[in-house]
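**Student:** Got a structure for you, questions after.
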Amino acid sequence: MRTDQRWGDADGLRDDLQAYVAEQLGTPGGVLIVDDTGFVKKGTTSAGVQRQYSGTAGRAENCQIGVFVTYATTRGHALVDRELYLPTSWTGDRERCQAARVPDDRTFATKGDLARDMIERALASPFPFAWVTADSAYGQDSHFRRFLEDRSLFYVVAVPKSQQVNGPRIGHLIEQAPLEAWQRLSAGQGAKGERSYDWAAARLPAVAASDGGEPTRQRWMPARRSISRPDEIAYYLTCAPLEATVADLVRVAGCRWKIEECFQSAKNECGLDQYEVRRYVGWYRHVTLAHTFLAAMAAQEREKGVTRLTRPTSWTSHQLKSAVCRQLNPAAILQAATTR
């Protein structure tokens, strides 16, 4: 990567970074992971700053919000794209935008819009990938899911308990699952070993309007239940290849934690959140350089065989390869839910 020549061109450096990561980590089973994180700031002049909810802080704070994409494969994972979220309090105030050097053509875009833009760029990049995963902030957006399907991408996205599935709420549908439908599976390695949960999944009916007479994909409704706290259940909607198993869905769902690892590493080791730049372009330069440095450092450590928290690790485990989750009967569940 020509970081010495292109540090001032944030988008050019991003493109170099993506080519580098594709060369270092690229495999056909790659997954794009979408998430956002907050940067707590003081004052009102930093581009995009306002009092808004930050998942990082777990509450509303005066902060900037960045939307990010991580590329992950069995060979490793790295942050590869970024966009600064600009609330309407900014895009509706051109003088304020000009003071922070926000481009004149930068209009309001939701976090989902920014995520779609980055996925479009990834499709035009050297990355080999077929899957996308994201938390419920993105997964509950039907336009986001339709966008992925229209581009022939498969996905495993979290959704809230209130998400409607063919009418009933997903939380109510999962409540109908018999005890034998749940099976323990690993969602991959974590800092404390295997991330094991109880999983159940129902295959959903094909959508004739989009799938045609001979579907080439299948949709699922998986749920992940905590072993120690059975009342804690996470819900998902997925679109997968016809040959995909529940273990494949669990694998993709589990790799969503990779972006959290990237955030932690970038903040702890690259100062991702330690900056004093206030202008729009400065934010992109700083964040892109942090991504680049972290990816290069991880590659160097792989070559040296160094073992540490930021090492690229596979999310595949022997348990995932052999375990098959008992499927629910979606027709029966839907009928039971709608007749009660």
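The values are calculated or read from the model by the stated rules, or taken from the named source; none is laboratory data. Small disclaimer: the values here were computed from a predicted structure and weren't measured. Cβ coordinates were reconstructed from backbone atoms using ideal geometry, including for glycine residues, and neighbour counts include every protein chain displayed. In case anyone asks, the SASA skips ligands and DNA or RNA and just uses the protein heavy atoms, side chains included. Shrake-Rupley method; radii C 1.70, N 1.55, O 1.52, S 1.80 Å.
**Student:** With θ taken as phi - 60° and the coefficients 6.51, -1.76 and 1.60, list the Karplus ³J(HN,Hα) couplings across region 182-190 in order, rounded to whole Hz; mark glycine and proline as x.
**Tutor:** 3J(HN,Hα) across region 182-190, in whole Hz: 8, 9, 7, 9, 9, 8, x, 6, x.
**Student:** Please work out the Kirkwood hydrodynamic radius for the chain, using every pair of different C-alpha atoms, and report it in angstroms with one decimal place. Walk me through the numbers on the way to the answer.
**Tutor:** Details: mean 1/r = 0.0473 Å⁻¹.
Answer for the chain: a Kirkwood hydrodynamic radius of 21.2 Å.
**Student:** Taking the full set of protein chains and a 1.4 angstrom probe, give the accessible area of Lys161 in square angstrom, rounded to the nearest 10.
**Tutor:** Its heavy atoms expose roughly 120 Å² to the probe.
**Student:** Oh, and also: Taking 0.36 nm per residue of separation and subtracting the Cα-Cα distance, what length does fully extending Asp11 through Glu95 add? Display every interim value, and only then the final one.
**Tutor:** Values: separation 84, 0.36 × 84 = 30.24 nm, distance 2.46 nm.
Once the chain is fully extended between Asp11 and Glu95, it gains 27.8 nm.
**Student:** What figure, in Å² to the nearest 10, do you get for the accessible area of Cys262 with a 1.4 Å probe and non-protein molecules left out?
**Tutor:** Looks like 10 Å² after rounding.
**Student:** Shifting gears a bit: If you count only protein heavy atoms and use a 1.4 Å probe, how large is the accessible surface of His286, to the nearest 10 Å²?
**Tutor:** 40 Å²
**Student:** Per residue, how much space in cubic angstrom lies within the convex hull of the C-alpha atoms of region 40-136?
**Tutor:** 124 Å³
**Student:** When the helices in the chain are scored as -39500 (n - 2.57) per DSSP H run of 4 or longer and the sum is shared across all residues, what 222 nm value do you end up with, to the nearest 500 deg cm²/dmol?
**Tutor:** -10500 deg cm²/dmol
**Student:** Right, something else. Using θ = phi - 60° and the Karplus form 6.51 cos²θ - 1.76 cosθ + 1.60, what ³J(HN,Hα) does each residue of region 84-98 get, whole Hz, x for Gly and Pro?
**Tutor:** Karplus-based 3J(HN,Hα) across region 84-98 equals 8, 7, 10, x, 5, 5, 9, 5, x, 10, 5, 5, 5, 5, 5 Hz.
**Student:** What's the Kirkwood radius of region 209-269 in Å, using all Cα pairs?
**Tutor:** Numbers: mean 1/r = 0.0709 Å⁻¹.
About 14.1 Å for region 209-269.
**Student:** Another question, if that's okay. Please give the residues of region 89-103, grouped as numeric ranges, whose backbone N is less than 18 Å from a label point set 7 Å along the Cα-to-Cβ vector of Arg51.
**Tutor:** Flagged as within label range: 89-90.
**Student:** Near the amide H of Leu204, under 5 Å away, which other amide H atoms are found, from residues 5 or more places off or on another chain, if H is placed in the peptide plane?
**Tutor:** Arg219, Trp220, Met221
**Student:** Under 5 Å between amide hydrogens, which residues at least 5 positions from Val102 or on another chain qualify, with H placed 1.01 Å from N in the peptide plane?
**Tutor:** Amide H neighbours of Val102: Tyr280.
**Student:** Beyond a 22 Å Cα-Cα separation, which of these cross-linked pairs lie in this structure: Lys41/Lys258; Lys41/Lys111; Lys192/Lys304; Lys41/Lys267; Lys192/Lys258?
**Tutor:** Working: Lys41/Lys258 25 Å; Lys41/Lys111 19 Å; Lys192/Lys304 24 Å; Lys41/Lys267 15 Å; Lys192/Lys258 14 Å.
From the list (Lys41/Lys258; Lys41/Lys111; Lys192/Lys304; Lys41/Lys267; Lys192/Lys258), the Cα-Cα distance tops 22 Å for Lys41/Lys258; Lys192/Lys304.
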